[in-house]
Amino acid sequence: MTNEWLYPRGTLTSGPWESVVDDRIPGWAHTGLRIAELRGGVDLPSAPVERMIVPLSGAVSVIGDDERWDLGGRESVFDGPTDVLYLGLGTAARLEGEGRVAIAEALATVALPPALIVRDDVPVEIRGAGRSTRQVHNFGVPGALEAQKLIVCEVVTPAENWSSYPAHRHDRAGATESELEEIYYFEAAVSRGVAAPAHPSPFGMFATYASDDRAIDTSARVGTGDIALVPYGYHGPAVAAPGYDLYYLNVMAGPGAERAWRITDDPAHGWIRDTWAGQEPDPRLPYLAKERTR
């Protein structure tokens, strides 16, 4: 089943942007996302948000009023981390280059200085074990980036593995849980080393379901350019189909003053974490680039 929280590629087009997520979507308040296929340049207007510029493929130059940042990119999201750039509240910029780029956003009230995180400094985490192994690039999480509200990371899940699992929620504030809405932006590709026929159709699966009396039910096939929104509820798994690797960019923020990511597992499935202790991580990971794009 799909609902109003799932947006296939092309359904959120706005001007030069392939997709725009913002508070014009009913029920959406704290986070935003812009996806563009750069063919020259695109302008980012000043707005009451803080942003993270994430090259998805190719390299991107970010040109501000007084400074320029050249982000060494990558061939694709399955080629390891990339340089990323944090821009503080109200910063306008122009993006130039060739390739795909994502701009993660969160409403903010405090202006912080820009911050460039180069590829070699991106914290890379191999999370889980066995068929629950995934690779996480933690460039925009607390402890790695100073920001007011914005939390950003990206996850690579090899073919046949499960990610965002066990299913979990972060939809109520408390000592053990944060209140955060979350964006999932997906890409999929033929898995490394797999010989595919012409014109394959890479995909994965993603689910969200209710954690309380607020109804939500997303069980969807997802591929490159698709976006799932999680305003509340348990979310996961994100599953990579056999033969296809799955990527997603996560953008999180919420109404609270504290910038933190605390979760509660679905109690029916949280025990799965304990089984990882007896398994080895998937030896296919980490995925790293052979060569950096300039």
### Query
Conditions: (1) closer than 17 Å to Val152 by Cβ; (2) buried (at least 22 other Cβ atoms within 10 Å of the Cβ). Val124 meets all but one. Number of the miss?
(2)
### Task
Enumerate the pairs (first residue in the range 1-14 and modelled with pLDDT under 95; second residue anywhere and surrounded by fewer than 16 Cβ atoms within 10 Å (Cβ to Cβ)) with beta-carbon separation below 6 Å, excluding pairs fewer than 6 apart on the same chain, so at least 6 apart or on different chains.
Met1/Asp217; Met1/Ser219
### Task
Kindly provide the set of residues from the range 217-269 that are touching an Asp or Glu at 6+ places or on another chain (Cβ under 9 Å), β-branched (Val, Ile, Thr) and more than 23 Å from Pro286 (Cβ to Cβ), ordered by number.
Val230, Ile263, Thr264
### Message
Of everything in the range 36-81, what is touching a Phe, Trp or Tyr at 6+ places or on another chain (Cβ under 9 Å) and assigned to a loop (DSSP other than H, G, I, E, B)? Give them in sequence order.
### Response
Ser76, Val77, Phe78, Asp79, Gly80, Pro81
#### Entry: Residue ranges of strands (runs of 3 or more DSSP E) in the range 206-267 with at least 3 members under 30 Å from Ser57 (Cβ atoms) and among the small types (Gly, Ala, Ser)
234-240
### Task
Scan the range 190-220 for residues that are surrounded by fewer than 22 Cβ atoms within 10 Å (Cβ to Cβ) and of a type in the set (A, V, I, L, M, F, W, C) and jot them down.
Val190, Val194, Ala195, Ala196, Ala198, Phe203, Met205, Ala207, Ala210, Ala215, Ile216, Ala220
### Message
Among the residues that make up the range 221-238, is at least one of them farther than 26 Å from Asp22 by Cβ, surrounded by fewer than 23 Cβ atoms within 10 Å (Cβ to Cβ) and either free of Cβ contacts under 8 Å to residues at least 24 places away in the same chain or out of contact with any helix residue (DSSP H, G or I) (no Cβ under 8 Å at 6 or more places or on another chain) (or both)?
### Response
yes
### Options Arg94, Arg100; residue that is assigned to a strand (DSSP E or B) and touching a Gly at 6+ places or on another chain (Cβ under 6 Å)
Arg94
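Answer with yes or no whether Ala111 is out of contact with any strand residue (DSSP E or B) (no Cβ under 6 Å at 6 or more places or on another chain), among the hydrophobic types (A, V, I, L, M, F, W, C) and either part of a strand (DSSP E or B) or surrounded by fewer than 21 Cβ atoms within 10 Å (Cβ to Cβ) (or both).
Judged against the criteria, Ala111 is a match.
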### Qualifying residues in the range 14-27 (those that are more than 24 Å from Asp79 (Cβ to Cβ) and small (Gly, Ala, Ser)) - the one surrounded by the fewest Cβ atoms within 10 Å (Cβ to Cβ)
Gly15
### Task
Could you tell me which of the residues Ala129, Ala159, Ala102, Ala108 is small (Gly, Ala, Ser) and under 12 Å from the mean Cα position of the chain (by Cα)?
Ala102
### Given (1) within 15 Å of Tyr86 (Cβ to Cβ); (2) among the small types (Gly, Ala, Ser); (3) in contact with a helix residue (DSSP H, G or I) (Cβ under 9 Å, 6 or more places away or on another chain), index of the condition Ala147 fails
(3)
### Task
Considering each of Leu246, Leu285 in turn, give the residue that is within 18 Å of the chain's Cα centre (by Cα), buried (at least 17 other Cβ atoms within 10 Å of the Cβ) and of a type outside the set (Lys, Arg).
Leu246
## Note on the structure
Note on the range 28-70: residues buried (at least 21 other Cβ atoms within 10 Å of the Cβ) and either touching a Cys at 6+ places or on another chain (Cβ under 9 Å) or free of Cβ contacts under 8 Å to residues at least 40 places away in the same chain (or both) are Val62
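The values are calculated or read from the model by the stated rules, or taken from the named source; none is laboratory data. None of these values were measured; they are calculated from a predicted model. Counting neighbours? That spans all protein chains shown, and the Cβs are built from the backbone with ideal geometry, glycine included.
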